[in-house]
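Trainee: Sharing a structure here in structure tokens format.
A short reminder: the numbers here are calculations on the coordinates, not readings from a lab. These numbers come from a predicted model, not from an experiment. Here the Cβ positions follow ideal geometry from the backbone for every residue, glycine too, while neighbour counts run over all protein chains shown.
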Amino acid sequence: MRKTDIPWIATAAAAILAALAVAAAGVMLAREELRVTEKPAGNEVDDAFLETVRIIADLERRWEAALEGHASQVLADGRHGSVPPVAGVVQLSWLNPAFSDPSRDHIRADGGEPAWQPVLQRFSKGAVRNPTEWVIPDSALDEGGGWFEDRGRPPAWRQANGRQAVLCIIDAAEAAAVVTKALQRASPAAAIDGSTGTLEWAGPDGKPWLTTGRSPKDARPDEILRHVSRFGDWTLRHSFPVRNVVRWRQPVLAGAFTLSALLAAGGMVVASAQRKAIRISEERVSFVNRVSHELRTPLTNLLLNTDLAIDLSSCDPPGLRRRLGLIREETARLSRIVDNVLVFARLERGRFHVVPSPCDAEAVVDELRTIFAPLFERKSIVCEYDCRVRGPVPIDRDAFSQVLANLLSNIEKYAGENARARISVEIEGGRLVAIAADNGPGVPATARERIFQPFERAGSGVDEGVSGTGLGLAISNELARRMGGRLDLTESAAGAVFRLSIPLPEQTPS
């Protein structure tokens, strides 16, 4: 890969990467993932719930039968009976209107102090005097058995024979725990797999005793089934199966891919134009090089033969010498043009290198004065030269000479007939400073920056009818920059004043 191919390849690569990034972002923005819940087909969950309810109801009937049987036995045994071994019974209390001290007729299953003191209404002393007192109406002595319910009191089973009664006080949580263990062994819900979703059975304490499947955290159940029993509330929370559905936003996709295609196409167009511009630039530089080298040889021959003709024409009429002098002037002008074109081509290709070496600035000024004297004389231009630099200075001689030659050429072209000019060269603060000033029409304010660009001219009546390539100041500005200095068009009351400033490695005495 050639070095000149890097810019357009980089442009194309950047466009492709940008297009891919836009397309990828579009795909990400267009993709929408939805979590869809669907109620499972069939009645498997409902059947399991009903079967579990049937088991709870059966346990409740058996529990009630056990309570009734043991309470009747205790009633037959009198006060000598003990707490029946039935799940959930925590206290046994006798109700007998013949007892003299009913506060003593209570037995806890764990042998502790009774939490409640049920007493017949006739023996009540009031809750203020005894906060644990539980007033039972005298009708509780009626023969028979069943649940005795009183708001704010625990559930109790009553068994009476008309003369006395027995209360079996129940701890519902303890009874529910026994039922829970039985359900864990016998409930058909345990056999349901995860295809129906997530099932969570909770007992009266609210804690799950059976869970199937996995439900999302903090997800609300889709279905709640509840059964109320003597043991408490039994709840089935059913979360339907979740299915992830991917949906694409078509407008977003279309917009992203359209923008991506436009980016890629635009990048390719720019890269193609860039490649074409590079190729044209290379061809232009190559053409300039070929033409310049083709011109240099005949120009050299013209200069050599003109010098010989001038030397041999000392005995000829003055007209011959004048004509030959004009030939030499024009040939020298053409040579300067070729030199500028060659330097411009080398600068364009990055092959021009400034090499500082000892340079006699005064000798350079003298050479240029000799070259431009005939040209200035023809236009009656008076140019004063003032070089205050003595001895060699470390700068590139060819670059310095070409900059001064271009400035003198501008004076000859644009200052006009009978103009006055001045060239001064001196050292100021460690810098070599050369100033070229004239009293011509100057440079329009609108062109002060533009004239330093290649192929640009002032664009006013000053350069009408004046030949030139528009490369002189551009080349001079670039040469000054390569030498570490700068070329400026300074403010002046009249004419044009160009200032060349080149830093020197060390102070050179003047």
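Trainee: Convex hull over the alpha-carbon atoms of segment 353-503: what's its volume per residue in Å³? Don't skip to the answer; put the middle values down first.
Mentor: On the way: hull volume 15.8 nm³, N = 151.
Value for segment 353-503: 105 Å³ per residue.
Trainee: Another one. For a footprinting-style exposure proxy, rank E38, E68 by other Cβ within 10 Å, fewest first. If you can, show how the numbers build up before the last one.
Mentor: Numbers: E38 11, E68 17.
The fewest-first ordering by Cβ neighbours comes to E38, E68.
Trainee: Taking the beta-carbon count within 10 Å as an exposure proxy, list I6, I435, I411, I136 from fewest neighbours to most. Before the final figure, lay out each step's value.
Mentor: On the way: I6 11, I435 17, I411 27, I136 24.
Listed from fewest to most nearby Cβ atoms, that is I6, I435, I136, I411.
Trainee: Return, for the Cα atoms of segment 362-416, the radius of gyration and Dmax in Å, separated by a comma.
Mentor: When restricted to Cα atoms, segment 362-416 yields Rg and Dmax of 11.9, 35 Å.
Trainee: Going by average Cβ density within 10 Å per residue, which order do the peptides 204-213, 87-96 take, highest to lowest?
Mentor: Working: 204-213: 14.9, 87-96: 20.8.
Final packing ranking: 87-96, 204-213.
Trainee: Only counting other Cβ atoms within 10 Å, I'd like K3, K379, K181, K413 sorted with the fewest neighbours first.
Mentor: Working: K3 7, K379 14, K181 11, K413 18.
Listed from fewest to most nearby Cβ atoms, that is K3, K181, K379, K413.
Trainee: Ok, one more. Could you work out, for segment 1-116, what percent of all Cα-Cα pairs fall into each 5 Å distance bin, beginning at 0 Å and stopping at the bin that holds the largest distance?
Mentor: Over segment 1-116, the share of Cα pairs per 5 Å bin runs 2, 8, 9, 9, 7, 5, 5, 4, 4, 4, 4, 4, 4, 3, 4, 4, 4, 4, 3, 3, 3, 2, 1, 0, 0 percent.
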